[in-house]
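Undergrad: One structure, pasted below without further comment.
The values are calculated or read from the model by the stated rules, or taken from the named source; none is laboratory data. Here the structure is a predicted model, which means the values were calculated and not measured. Note that we place each Cβ from the backbone using ideal geometry, even for glycine, and neighbour counts take in every protein chain shown.
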Amino acid sequence: MDIKTFIADWIAASNSYNTKKYLSFFSKDAVLDDPSVGSTFPGHKGIKEYYTSYFIGYKTQTRLLKTKLRKNAAYIEVEFTGEFPEGKIKGMFDFTFGEDKIKTVKAALL
């Protein structure tokens, strides 16, 4: 798995608002933890709720700023723009991967 390509494709899917494609990057039992919204989102059902609320709902677009790769893991910093009060804000995602899918991801605003 080429993690840099995977992340670029994941961001493109996120920016397209194609929920089915976005969820295809996650294992069925993946967990997304976002302390900035105070919740953990388990499985495709929870991740869909997160994506629909915070990305589709706010028309959020994500731009990659920085990538640090580790074995079966990656940390990225991004810039979000959208229809939220700040209009533009930085964030991060810290991923672990397994079987060519996202197993866990911690998200936060910077």
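Undergrad: Considering each residue of the range 27-54, count those that are part of a strand (DSSP E or B), among the acidic types (Asp, Glu), out of contact with any Ser or Thr (no Cβ under 6 Å at 6 or more places or on another chain) and surrounded by 13 or more Cβ atoms within 10 Å (Cβ to Cβ), and give that number.
TA: Count: 1.
Undergrad: Where the second residue is modelled with pLDDT under 95 and the first is within 16 Å of TYR17 (Cα to Cα) and lies in the range 27-54, which pairs have Cβ atoms under 9 Å and are six or more apart or on separate chains?
TA: Cβ pairs passing all conditions: TYR50/VAL37; SER53/VAL37; TYR54/VAL37; TYR54/PHE84.
Undergrad: Restricting to the range 74-92, name every residue that is among the basic types (Lys, Arg) and surrounded by 12 or more Cβ atoms within 10 Å (Cβ to Cβ).
TA: Within the range 74-92, just LYS90 meets the criteria.
Undergrad: Could I ask something else about it? Determine which member of the set LYS71, LYS21 is of a type in the set (D, E, K, R), modelled with pLDDT under 95 and exposed (fewer than 15 other Cβ atoms within 10 Å of the Cβ).
TA: LYS71
Undergrad: Being of a type in the set (Asp, Glu) and closer than 16 Å to ASP94 by Cα is the filter here, so list the residues in the range 10-54 that pass it.
TA: Residues satisfying the conditions are ASP33, ASP34.
Undergrad: Give the residues of the range 55-78 that are under 13 Å from PHE95 (Cα atoms), touching a strand residue (DSSP E or B) at 6+ places or on another chain (Cβ under 6 Å) and not in a strand (DSSP E or B), sorted by residue number.
TA: ASN72
Undergrad: Taking the range 79-110 on its own, how many of its residues are in a loop (DSSP other than H, G, I, E, B) and either in contact with a helix residue (DSSP H, G or I) (Cβ under 9 Å, 6 or more places away or on another chain) or under 13 Å from THR60 (Cβ atoms) (or both)?
TA: 7
Undergrad: GLY82: over 12 Å from the mean Cα position of the chain (by Cα) and touching a residue at least 40 places away in the same chain (Cβ under 8 Å), yes or no?
TA: When the stated conditions are applied, GLY82 does not pass them.
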